[in-house]
Amino acid sequence: MLERTIAFIGAGNMAEALIKGLLRAGTARPDSIIATGRREERLDTLRRTYGVRTTLDNVAAVREADVVVLAVKPQALDKVLIQVAPAADPKKLFISVAAGVPISVMERRLGQGVRVIRTMPNTPSLVGMGACALASGEHGTEEDMAVASRIFQSVGITTVVEENLLDAVTGLSGSGPAYIFLIIEALSDAGVKVGLPRYTAQKLAAQTVLGSAQLLIETNAHPGQLKDQVTSPGGTAIAGLHTLEAGGLRTTLINAVEAATRRSRELGEQFLEKS
């Protein structure tokens, strides 16, 4: 149990996923969580569903909190940082989920000595199967990282990286669900093309991706080794793999991650220029 008051600035899907995960895991009590937002009806839903406290006042929530999770869109973060800065102090831990916003920008906005951890979660966090990377600012401590990790472990796995690797994380796991959904959609379309009903094709495609990932995680084997176990001489899988390799699937996926990483870096540079 985290004996800390946690404020979520922003009441969107990621904030709700974290609130749900924290309560399900027993990591926090409902009365130790404060959620803020712009719409009273949304806050009322969170209050009734999870029993957490809510307010429309970001500054009041930050003043009361030990840990502040900045769960707003990147384009809204700067305004929020300026707003809550008077309530920020080095005793509070600020955790950001805003993609692309550098720690240095947040530290400047929040003031001298404020502890900041920047994270890059992904959308499977909404179903408790997320992947999140965390990077600490200049004033963050090992205890701060442990607290932030526990919060995000309530909705998936976590890993600690240097901030300069968060763009790569964004390109891989942050943007990765979009790639996987495209692959599942393509597999479903293929199933329909060869005669399967749409529902059946999508169900089989999604479960194949889920099961294959779980097999890889549980065996800790190299993906190439597991791939080889599916193929047999002159069989169906090797025929399909030949077509995928000839079509450049491997290179295309690598290029996609590189492109997303590059774009993440560009967005971060834009935030630095504006600040």
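Take every DSSP beta bridge whose two residues both sit in the chain, then give the antiparallel share in percent to the nearest 5. Please report the intermediate quantities before stating the final value.
Details: 4 of 28 bridges.
The antiparallel proportion sits near 15 percent.
Of 213, 224, 181, which is farthest towards the positive pole of the stretch 174-261's charge dipole, taken about the Cα centre with +1 and -1 on the beta-carbons of Lys, Arg and Asp, Glu respectively?
About the Cα centre, the residue reaching furthest to the positive side is 181.
Using just the Cα positions, wrap the stretch 6-169 in a convex hull and report its mean projected area in square nanometres, one decimal place. Intermediate values should be presented prior to the final figure.
Numbers: hull surface 32.7 nm².
If I average the Cα hull's projected area over directions, I get 8.2 nm².
Find the centroid of the Cα atoms in the stretch 1-74 and in the stretch 229-245, then give the distance between the two in whole Å.
49 Å
From the square roots a ≥ b ≥ c of the eigenvalues of the alpha-carbon gyration tensor of the stretch 68-120, which class results: rounded (a/c under 1.5), prolate (a/b over b/c), or oblate? Don't skip to the end; give the middle numbers.
Numbers: a/c = 1.65, a/b = 1.35, b/c = 1.22.
In terms of gyration-tensor shape, prolate.
If you place +1 on the Cβ of every Lys and Arg, -1 on the Cβ of every Asp and Glu, and leave all else neutral, what size is the dipole of the stretch 212-275 about its Cα centre, to the nearest 20 Debye?
Values: 6 positive and 7 negative charges, 20 e Å.
So the magnitude is around 100 debye.
What shape does the stretch 137-275 take by its C-alpha gyration tensor, where a ≥ b ≥ c are the square roots of the eigenvalues and a/c under 1.5 counts as rounded, a/b above b/c as prolate, and the rest as oblate?
Since a/c reaches 1.5 and a/b is larger than b/c, the shape of the stretch 137-275 is classed as prolate.
What number, in percent, do you get for the relative contact order of the stretch 6-169 if the mean sequence gap of Cα pairs under 8 Å and at least 6 apart is divided by its residue count? Let's see the in-between values first.
Values: 336 pairs, mean separation 33.3, N = 164.
RCO, the stretch 6-169: 20 percent.
What residue among 106, 137, 81 has its Cα farthest toward the positive end of the dipole of the stretch 6-169, where the charges are +1 on Lys, Arg and -1 on Asp, Glu, each on the Cβ?
Farthest towards the positive pole: 81.
Using only C-alpha atoms and all pairs of different ones, pull out the Kirkwood radius for the stretch 115-157 in Å with one decimal. All intermediate terms of the calculation are to be shown ahead of the outcome.
Numbers: mean 1/r = 0.0960 Å⁻¹.
For the stretch 115-157, the Kirkwood estimate is 10.4 Å.
By how many degrees, 0 to 90 and rounded to 10, does the Cα axis of helix 176-193 deviate from the longest principal axis of the chain?
30 degrees
Taking the Cα centre as origin and putting +1 on Lys and Arg beta-carbons and -1 on Asp and Glu beta-carbons, what dipole magnitude results for the chain, to the nearest 20 debye?
Values: 29 positive and 28 negative charges, 144 e Å.
Here the size comes out at about 700 debye.
Once the Cα atoms of helix 40-50 and of the chain are each reduced to a long axis, what angle between those two axes, in degrees from 0 to 90 to the nearest 10, is obtained?
Result, in degrees: 70.
Please get the size of the charge dipole for the stretch 6-169, origin at its Cα centre, with Cβ charges of +1 on Lys and Arg and -1 on Asp and Glu, quoted in debye to the nearest 20. Could the numbers behind the result be given before it?
Values: 19 positive and 18 negative charges, 105 e Å.
I would put it at about 500 debye.
According to a simple spin-label model (label point 7 Å from Cα along Cα-to-Cβ), what is the distance in nm between residue 270 and residue 242?
Each label point lies 7 Å from its Cα, and together they span 4.5 nm.
What is the P(r) of the chain, as percent of Cα-Cα pairs per 5 Å bin from 0?
Going from the shortest bin to the longest, the percentages are 1, 5, 11, 15, 16, 14, 11, 9, 7, 5, 3, 2, 0, 0.
Considering the dipole of the chain built from charges on the beta carbon (Lys and Arg +1, Asp and Glu -1) around the Cα centre, which of 242, 126, 147 is farthest to its positive end?
Highest projection toward the positive end goes to 126.
Add -39500 (n - 2.57) for each DSSP H run of 4 or more in the chain, then divide by its residues: what number comes out at 222 nm, to the nearest 500 deg cm²/dmol?
-17500 deg cm²/dmol
Values in this text are rule-based calculations from the coordinates and carry no lab data. This is a predicted model, so every value here is computed, not measured. Backbone-built Cβ (ideal geometry, glycine too); neighbour counts: all protein chains shown.
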